[in-house]
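Notes for the one structure printed next.
The values are calculated or read from the model by the stated rules, or taken from the named source; none is laboratory data. Predicted model, so just to flag it, every value in this text is computed and none were measured. Glycine also receives a Cβ, built like all others from the backbone with ideal geometry; neighbour counts cover every protein chain displayed.
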Amino acid sequence: MRKILGSTLPVVVAVALALGAVVATGFIVGRVRHSEDAAWCRKVTPTVLTLKGQPQPIPPDQLASARAGCVSERRGQRGAFGAVWKTGGEEMAACGVDWGRFQQLSDTDPAGAATTVVAPYGITAPLDAGSRSDQQRFISACLAKKRTH
């Protein structure tokens, strides 16, 4: 019995250490990626909207809410402690940003700038920025386009 324990103990310890190293690395990389998500969302969330040709700053509470939603959505598109993208997660994050741009532009310039966001995805029918089904249609077209490039 003692001989069996003596020969298997080093293997068990080595496997445990290797597993611990993988988990620790995943956790650390996940924390770093989460901080990168917050920085990315600060960069892509508009701070100014143009209404009737006049730039209007977004109120701080709405800006904070938009950024928090962006970070939450982006983190939901990652797996394994947030260290790696889920399948299609990175593309989904990019499509989510484009949908957000469309929503903002559709309020101020639906026939102009909002159309330029939709055009690359081959969507010709009008979209309602508040419709969940139109959002899904946009995301599906966006993902299909991103997968072919």
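Listing for the model above:
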| item | result |
| --- | --- |
| Residue match in region 107-123 (condition: under 15 Å from Asp37 (Cα atoms) and among the aromatic types (Phe, Trp, Tyr)) | no |
| Given (1) more than 11 Å from the chain's Cα centre (by Cα); (2) over 20 Å from Ser106 (Cα atoms), number of the condition Pro46 does not satisfy | (2) |
| Residue pairs meeting the criteria (Cβ under 6 Å; at least 6 apart or on separate chains; first crowded, with 16+ Cβ neighbours inside 10 Å, in region 21-45; second modelled with pLDDT of 85 or more and not in a helix (DSSP H, G or I)) | none |
| Criterion (at pLDDT 85 or above and either in a helix (DSSP H, G or I) or loosely packed, with under 12 Cβ neighbours inside 10 Å (or both)) met by exactly one of Leu5, Leu17, Leu9 | Leu17 |
| Those helices (runs of 4 or more DSSP H) lying entirely in region 60-149 with at least 2 residues over 12 Å from the mean Cα position of the chain (by Cα) and loosely packed, with under 13 Cβ neighbours inside 10 Å | 60-76, 132-148 |
| Test set (1) modelled with pLDDT of 85 or more; (2) under 29 Å from His34 (Cβ atoms); (3) among the basic types (Lys, Arg) - Arg74 fails condition number | (1) |
| Residue within region 47-60 that is within 27 Å of Lys146 (Cβ to Cβ), touching a Cys at 6+ places or on another chain (Cβ under 9 Å), at pLDDT 80 or above and among the β-branched types (Val, Ile, Thr) present | no |
